[in-house]
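Have a look at the structure below before the remarks.
The values are calculated or read from the model by the stated rules, or taken from the named source; none is laboratory data. Worth saying up front: this structure is predicted, and the values here are computed from it rather than measured. Neighbour counts are summed over all protein chains in view; Cβ atoms, including those assigned to glycine, are modelled from backbone coordinates with ideal geometry.
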Amino acid sequence: MNIRAVLFDLDDTLYERRVASHSWAVGFIREHDGTITDSQMADTISALETLDANGYDNRYRFVAELPRIRHREFSVVVTENRQRIADPIKPVL
C-alpha cells in the first residue's frame, strides 16, 4: 500500500472533536445509566470532558478513571469493555 497523502486536523477545522466527544459522552451515559437526572447528566458530561482533556490524555487512563465519575454505573461497563472504550473516538459527520 502506497500512502499518497496524510491529513492532520490540529485546529478542529475539519473535524470538531469536542462535538464528537460530547456526543459520545451523552450516548455512553444514556446507554449505561438509565436512572441519571438532568443535573447529574450535565455534571457527568462535564467530568468526562475534563477527564478527556480534549484527547490529549492517555485513553487507557481515561477508561481507568470512568468508575470514579459514576462508580456503580460505569464499573461493570469498564471491566467488560476496556479496549472498546479506549479506542479513538470516531468523528460525527
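Yes/no matrix, rows are residues, columns are (1) in contact with a Leu (Cβ under 7 Å, 6 or more places away or on another chain); (2) hydrophobic (A, V, I, L, M, F, W, C):
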site	(1), (2)
LEU7	no, yes
ASP11	no, no
GLY34	no, no
ASN54	no, no
GLU65	yes, no
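Given the conditions (1) exposed (fewer than 11 other Cβ atoms within 10 Å of the Cβ); (2) in contact with a Leu (Cβ under 7 Å, 6 or more places away or on another chain), report the number of the one that ALA25 does not fulfil.
(1)
Which members of the stretch 54-69 meet the condition of being loosely packed, with under 15 Cβ neighbours inside 10 Å and under 10 Å from the mean Cα position of the chain (by Cα)?
Across the stretch 54-69, the qualifying residues are ASN54, GLY55.
What tally of residues in the stretch 26-53 results from selecting those that are more than 13 Å from the chain's Cα centre (by Cα) and polar (S, T, N, Q)?
The total comes to 4.
Can you tell which of ALA47, ALA53 is at pLDDT 85 or above and on the phi > 0 side of the Ramachandran plot?
ALA53
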